[in-house]
Amino acid sequence: MATEAELVGELERLRACVAQVTGALVVGDDGRVLARDVSGEHPHHLGPRAAEALRTALRLAAAAGHGTARELLVRADHGWVGAYTAGRSAALVLVTAPQANVGRLRLEALRSSTRISALIDGAPEQQENSRP
């Protein structure tokens, strides 16, 4: 299992790559915040809601016959909120400014979720393009 410092390091790396990310969390599948790099957000409220929304997205994808959902991206009035699976029991949650480059956000989020998965699950890191 990763240390909080290792997870925070990955969140800081992600925020350095995508300047419009205003908050980043790693949450357990129960919504518990495992690590955070957040400015002005309420991570203890956001974590459980994001985990719940991602579980709903997983059920929706399965009901549609499309397999396992990997991400949930929500466009809101004041920016974007994304949740990405990160291994068997965690999720990466991102909050952005409205002008965020969504393509870059998705690319970096998928890279980070792969690294977080390796840290949490102890699995070797895989190439991003090998994800199903």
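Can you pull out every residue in segment 76-103 that is more than 14 Å from the chain's Cα centre (by Cα) and on the phi < 0 side of the Ramachandran plot?
Result: Ala76, Asp77, His78, Ala97, Pro98, Gln99, Ala100, Asn101, Gly103.
Given the residues Thr68, Thr56, which is the only one that is hydroxyl-bearing (Ser, Thr, Tyr), under 22 Å from Gly122 (Cβ atoms) and out of contact with any Asp or Glu (no Cβ under 8 Å at 6 or more places or on another chain)?
Values: Thr56 fails: under 22 Å from Gly122 (Cβ atoms).
Just a single option satisfies the conditions, and that option is Thr68.
Anything in segment 57-115 that is of a type outside the set (Lys, Arg), touching a residue at least 60 places away in the same chain (Cβ under 8 Å), open to solvent by less than 80 Å² (accessible area, probe 1.4 Å) and not in a strand (DSSP E or B)? List them, or say none. Show your work before the answer.
Narrowing segment 57-115 to residues of a type outside the set (Lys, Arg): 57-58, 60-69, 71-74, 76-87, 89-103, 105, 107-110, 112-114.
If we keep only those that are touching a residue at least 60 places away in the same chain (Cβ under 8 Å) too, we end up with 67-68, 86, 89-97, 99-101, 105, 108-109, 112.
Narrowing the set further to residues that are open to solvent by less than 80 Å² (accessible area, probe 1.4 Å) leaves 67, 86, 89-97, 100, 105, 108-109, 112.
The answer is Gly67, Ala86, Ser89, Ala97, Ala100, Leu105, Glu108, Ala109, Ser112.
So how many residues does segment 1-59 have that are within 19 Å of Ala69 (Cβ to Cβ), of a type in the set (D, E, K, R) and in contact with a Lys or Arg (Cβ under 9 Å, 6 or more places away or on another chain)?
1
Would it be correct to say that Val18 is within 23 Å of Leu119 (Cβ to Cβ), at pLDDT below 90, β-branched (Val, Ile, Thr) and surrounded by 14 or more Cβ atoms within 10 Å (Cβ to Cβ)?
Taking the combined requirement at face value, the residue does not satisfy it.
Are any residues in segment 37-56 open to solvent by 50 Å² or more (accessible area, probe 1.4 Å) and not in a loop (DSSP other than H, G, I, E, B), and if so, which ones?
Correct list: His44, His45, Arg49, Glu52, Arg55, Thr56.
Within segment 18-34, work out how many residues are hydrophobic (A, V, I, L, M, F, W, C), within 17 Å of Val81 (Cα to Cα) and not in a loop (DSSP other than H, G, I, E, B).
Count: 6.
Filtering segment 25-36 down to residues that are open to solvent by less than 20 Å² (accessible area, probe 1.4 Å) and modelled with pLDDT of 90 or more, which residue is farthest from Ala100 (Cα to Cα)?
By that ranking, first place goes to Gly28.
Could you check segment 74-85 and list, in sequence order, the residues that are touching a helix residue (DSSP H, G or I) at 6+ places or on another chain (Cβ under 7 Å) and closer than 16 Å to Gly23 by Cβ?
Trp80, Gly82, Ala83, Tyr84 - these are the residues of segment 74-85 that are touching a helix residue (DSSP H, G or I) at 6+ places or on another chain (Cβ under 7 Å) and closer than 16 Å to Gly23 by Cβ.
The values are calculated or read from the model by the stated rules, or taken from the named source; none is laboratory data. Note that this is a predicted model, so its numbers are computed, not measured. Because the Cβ atoms are built from the backbone with ideal geometry, glycine has one as well, and the counts that use them run over all protein chains shown. For accessibility, only protein heavy atoms count, side chains too; no ligands or nucleic acids. Shrake-Rupley method; radii C 1.70, N 1.55, O 1.52, S 1.80 Å.
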